[in-house]
Structure formats: C-alpha cells, structure tokens
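Chemist: Dumping the structure here so I can ask a few things about it.
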Amino acid sequence: MTDTIFSKIIRREIPADIVYEDDEVLAFRDINPQAPLHVLFIPKVPIATLNDLTEADTLRIGKLVLAATRYAKAQGYGESGYRCVVNCNRDAGQTVFHLHLHLLAGRAMQWPPG
Ligand code: DGP
C-alpha cells in the first residue's frame, strides 16, 4: 500500500487534532467536518479499503469500532445518537486510501445518505 496523508499523521509528520490514541488506533478531527463532532478513527496498520480486510484483522476492526463508540458515548452522544461511516472506493466517495471510520454526531442526520 502506498503512503497516505494518514500515515503521515500517525508518524506526526503533519499536524492533526488527535483526540484518542491506543496501541492500534488513532483518532483525530476531520479537516472538513460535516457535523459538530466529526472524528476519524484509523488503524495504525495501513489497510487501504474495506476490501483489503482479512480474518487477521477481525480483532483490529473490533477495537476500532469500540474505540469510536466509547468515544461517542464519552462525549455524551450515546443517547441522542451518532453515525459511523466507512466509505469504500469511488462510488462511496473514498478519497484517502487508509481505512478510516467517520464518527459523526451533534446534529440530526438524513437517511438515505446522498
Ligand atoms: P473519505 O471521503 O471517506 O476518504 O474521507 C476522507 C476524510 O479525510 C475527509 O472527510 C477529509 C479528511 N482529511 C483529508 N485529509 C486530511 C488531513 O490532512 N487531516 C485531517 N484531519 N483530515 C483529513
């Protein structure tokens, strides 16, 4: 996988507003927020898209989702709700090819998404 801007954020080569970190996950505010809370949760291991996941990633992805849901609840959005989105490839609008989970909260959202 080629290096992405998110690998540079993991290596602290470019700045980001990091809100959470553990051994396997990094989370930082989206540069172009689409909701009052918009945080990206990424695995520290570079995985390009959802298509590239294997059995070996099962625990890693579980930890990624848990980190996001715990953060959402800690920020007070457990009851009101929040949205987790993972875009995969062109038709979903993926622009950065390092798997990331968008956590969006703080406003009522539409369904279906655009
Ligand atoms: P996606 O469309 O799912 O690939 O989302 C990529 C997101 O990444 C998009 O919402 C904007 C965000 N983003 C892109 N470059 C940067 C950056 O350098 N810093 C931060 N914090 N976010 C970025």
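Chemist: Let me have the relative contact order for segment 70-111, percent, based on Cα pairs under 8 Å that are six or more residues apart.
Modeler: Over segment 70-111, the number comes to 41 percent.
Chemist: Same structure again: Using alpha carbons only, how many degrees (0 to 90, rounded to 10) separate the axis of helix 58-74 from the longest principal axis of the chain?
Modeler: Taking Cα atoms only, the helix is inclined about 30 degrees.
Chemist: Peptides 33-39, 76-82: what's the order by average Cβ count within 10 Å, highest mean first?
Modeler: 33-39, 76-82
Chemist: Right, something else. Please compute the contact order of the chain in relative form: average sequence separation of alpha-carbon pairs under 8 Å and at least six residues apart, divided by the residue count, as a percent.
Modeler: In percent, rounded to a whole number, it is 30.
Chemist: Shifting gears a bit: Bins of 10 Å, beginning at zero and ending with the bin holding the largest distance: percent of Cα pairs per bin for the chain, please.
Modeler: Histogram of Cα-Cα distances, whole percents per bin: 13, 47, 34, 5.
Chemist: In addition: What Kirkwood hydrodynamic radius do you get for segment 31-84 when you take the inverse of the mean 1/r over all pairs of distinct Cα atoms, in Å?
Modeler: Computed over Cα pairs of segment 31-84, the Kirkwood hydrodynamic radius comes out at 12.6 Å.
Chemist: Let me have the 222 nm mean residue ellipticity of the chain computed from DSSP H runs of 4+ only, each contributing -39500 (n - 2.57), with the sum over all residues rounded to the nearest 500.
Modeler: -6500 deg cm²/dmol
Only the coordinates and a few stated rules stand behind these numbers; no lab work does. Just so we're clear, the structure is a prediction, and the values are computed from it rather than from any experiment. Positions of Cβ are generated from backbone atoms using ideal geometry, with glycine treated the same way; all protein chains shown enter the neighbour counts.
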